[in-house]
1. From (1) open to solvent by 10 Å² or more (accessible area, probe 1.4 Å); (2) assigned to a helix (DSSP H, G or I); (3) of a type in the set (A, V, I, L, M), pick out the condition that doesn't hold for L67.
2. Is it the case that T340 is surrounded by fewer than 21 Cβ atoms within 10 Å (Cβ to Cβ), over 20 Å from P151 (Cβ atoms), among the β-branched types (V, I, T) and more than 22 Å from the chain's Cα centre (by Cα)?
3. Go through the residues of the stretch 260-278 one by one and say whether even a single one is open to solvent by 60 Å² or more (accessible area, probe 1.4 Å) and under 19 Å from D130 (Cα atoms).
4. Give the stretch 1-49 a look and list any residue that's within 16 Å of the ligand (Cβ to nearest atom), part of a loop (DSSP other than H, G, I, E, B) and among the charged types (D, E, K, R), or say none.
5. So which pairs qualify, if the first residue must be in the stretch 211-231 and more than 16 Å from the ligand (Cβ to nearest atom), the second must be of a type in the set (F, W, Y), the Cβ gap must be under 6 Å, and the two must be at least 6 apart or on different chains?
6. Say whether the condition of being of a type in the set (D, E), modelled with pLDDT of 95 or more and away from the ligand (no atom under 12 Å from the Cβ) is met by at least one residue in the stretch 78-96.
7. Checking the condition under 19 Å from N28 (Cβ atoms), among the hydroxyl-bearing types (S, T, Y) and open to solvent by 10 Å² or more (accessible area, probe 1.4 Å), which residue from S231, S239, S296 passes?
8. Specify the residue that is farthest from the ligand (Cβ to nearest atom); the eligible residues are those in the stretch 151-175 that are of a type outside the set (K, R) and more than 25 Å from D287 (Cα to Cα).
Amino acid sequence: MIWEENVRKVVPYVPGEQPDKPNVIKLNTNECPYPPAPGVQAALASMRSADMRLYPDPTAEVLVQGLADYYGVRKEQVFVGVGSDDVLSMAYLTFFNGEKPILFPDITYSFYDVWADLYRIPYVTCALNDDFHICPRDYMRPNGGVIFPNPNAPTGVYEPLEEVEKIVQANRDVVVIVDEAYIDFGGESALPLIQKYDNLLVVQTFSKSRAMAGLRIGFAVGDEKLIRYLSDVKFSFNSYTMNRPALELGIEALRDKVYFEETTGRIVATRERAKGELKALGFTFPDSRANFIFASHERIPARQIFQALRERDIYVRYWDKPRIDNFLRITVGTDEQMDTLLAFLKEYI
Ligand code: PMP
């Protein structure tokens, strides 16, 4: 068809499976195995469908102010979106408009190259070293912007704040985005650095540590000017990104710090225990600081284990991609879920 010449052709990102079956052990999309804070359930119960008649607040004021208070910044330094995917996509559109390529790691969140292709942004990937660490020196060349997750996905490898700062400092003439989707599971956030660097945008999400992947809440914190530019693009794209339930329930999740610390602490404890048991079964993995473990077995190919697990309704993630095609990314579930996984692996191996 002639009209196809004018189609924007893209190869879309492929999210992990959401199997529609009962009793699946779902360790494939880094969701939280625990429910959101109890206050979220209470707020949901008191919600009235009649209120959905009205548009939500286009500025998402309650959530923006709540996040500003929580992180000790001004509300002008906070931007919210429909999951961090929406925030990151807006950030690409807003900040990555140079002629020079943007830079990100060769092994990383597989949405990064998809957005670059979608928006026609040139990019170059920088190889992680053999231990899957980022080499800050690779990011000290002319570029149109930088983005990387910390901890990285799907490796779980965390870069100390000094390394992050080196990259931000060396790139004062472009925007550097640090995607902290997994920071609450053991890393030190780059958030304090936003006071020092007006080119740093820190992005986080409610999908993992706050157990709200289904509501779609993400946010960015940065210099007021960065946030203003992001908001201009958002308001040129879709005024009402945050729906009413997301605004009301998001703020409830933020209110319960005790529950947040308890559940993230539990996930970290389960992760550390699982590391020991996987090691004993012959798995090796980079030291994860996220809510998943990126593991490779000494004898059995990852693809084979992936299939065997799937047949038992245990879902993990596998990518047939260079350098990582012998790894499984296993989300840390409850202790009980991990015990079922480990028992199966023990028998299988
Ligand atoms: N960044 C990274 C590194 C991720 O792994 C994910 C989860 N797929 C996201 C961002 C997006 O998460 P969400 O849109 O649910 O906030």
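The values are calculated or read from the model by the stated rules, or taken from the named source; none is laboratory data. Fair warning: this is a prediction, and the values are worked out from it, not measured in the lab. Note: ideal-geometry Cβ built from the backbone for every residue, glycine included; neighbour counts use all protein chains shown. With ligands, DNA and RNA removed, areas are computed over all heavy atoms of the protein, side chains included. Shrake-Rupley method; radii C 1.70, N 1.55, O 1.52, S 1.80 Å.
1. Every listed condition holds for L67 apart from (1).
2. yes
3. No, the conditions are met nowhere in the stretch 260-278.
4. Across the stretch 1-49, the qualifying residues are E17, E31.
5. Note: pairs meeting the criteria are I227/F79.
6. Among the residues of the stretch 78-96, not one is of a type in the set (D, E), modelled with pLDDT of 95 or more and away from the ligand (no atom under 12 Å from the Cβ), which makes the answer no.
7. One residue alone meets the criteria, S296.
8. The qualifying residue farthest from the ligand (Cβ to nearest atom) is D173.
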